[in-house]
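Structure first, then comments.
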Amino acid sequence: MSDIPPGYGSHAAHYQDLPTAALVQEVLARWEPSVDEPCDTALPFLVALHERADRSVFDAAADLIALPDRRERLLGLRILRELGHPESRPMFPETWELLEMLCQIEEDPEILAWALQCFYWMRKPRALRTMLAFATHPEARVRDVVAGGLDPEDKRAREALLQLCDDPDPDVRWSALFEVKEHILDDTSEIFDLLLRRSGDSSDAVRELADEALLRRSRSPRPPG
């Protein structure tokens, strides 16, 4: 696919003569039934669907999500996650109801995790209610998506994020701590105590991240007084 020019919209332009249904089938043809990810050769067709972002693509994604086949449902959510330009998501208002209803009934943690990723990529305040509802989900995969998708500037999200830094799962702790390190590394004793706890973490990756955060915090200028 080296003949595809760079830039947003270029994939859609390259495949403009292929109907949406054909693009979907091209992705599925390159997706092994036993895995949760399509192979790299499927990505140009998936990106073309994201960039086309018209009613036919949304309807195709919604139809896939309603099917019993796990791979097809995952593809439907992958299409919705990045459907349209980041500044115009969601492209269709029905996206909210579709995803909110799915999250209420879904039992497969991987599909639920992808649905939550769709909320995060839309980057809208309405997503927070659903994200927070799954911050204590029994599956670590789901909590990990929540940890990486909360808006640290929101007070409720911040509280959930700090709690996830003490999660039983090391991947969840790492994801939550990374957001703290990047976005809310303030001068409060709460953050300092959190970083000290995680600097003694059982996970090497979490300990290293906590040490990086402590070092960055020590080098940050303190407010006067």
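The values are calculated or read from the model by the stated rules, or taken from the named source; none is laboratory data. Predicted model only: the values in this text are computed from it and were never measured. All Cβ positions, even for glycine, are placed from backbone atoms using ideal geometry, and neighbour counts span all protein chains on display. Heads up: the accessible areas ignore ligands, DNA and RNA and are worked out on the full protein's heavy atoms, side chains in. Shrake-Rupley method; radii C 1.70, N 1.55, O 1.52, S 1.80 Å.
A simple rule links phi to the HN-Hα coupling: the Karplus curve 6.51 cos²θ - 1.76 cosθ + 1.60 with θ = phi - 60°, which for the stretch 167-180 gives 4, x, 8, x, 5, 5, 4, 4, 4, 5, 5, 4, 5, 4 Hz, with x for Gly and Pro. For the chain, which whole-number percentage of the solvent-accessible area (1.4 Å probe, protein heavy atoms only) is attributable to carbon and sulfur atoms? The computed percentage sits at 52.
Given a 10 angstrom Cα cut-off, can you work out which residue in GLU208, GLU97, GLU72 is the most mobile in a GNM of the chain? So, out of GLU208, GLU97, GLU72, the one fluctuating most is GLU97.
A straight chain from ILE105 to ALA21 at 0.36 nm per residue would run longer than the Cα-Cα distance by 27.5 nm.
In the chain, one over the average inverse separation of all distinct C-alpha pairs is 19.1 Å, which is the Kirkwood hydrodynamic radius. In the context of the full set of protein chains, the stretch 139-224 has a per residue accessible area of 54 Å² (1.4 Å probe).
The stretch between SER203 and GLU159, if pulled fully straight at 0.36 nm per residue, gains 13.6 nm over its current Cα-Cα span. Full extension of the segment from ARG216 to ARG70, taken as 0.36 nm per residue of separation minus the current Cα-Cα distance, would add 48.3 nm. Over the stretch 8-114, accessible surface divided per residue gives 48 Å², non-protein components excluded, 1.4 Å probe. Among the chymotrypsin sites (Phe, Trp or Tyr not before Pro) within the stretch 150-225, not one is in coil by DSSP while having at most 16 neighbouring Cβ atoms inside 10 Å. Dividing the helix sum by the residues of the chain, where each DSSP H run of 4 or more adds -39500 (n - 2.57), gives a mean residue ellipticity at 222 nm of -19000 deg cm²/dmol. Test of understanding: in a Gaussian network model of the chain with alpha carbons linked when under 10 Å, which of SER202, SER175, SER56 would top the mean-square fluctuation ranking? Taking springs between Cα atoms under 10 Å, the residue moving most is SER202.
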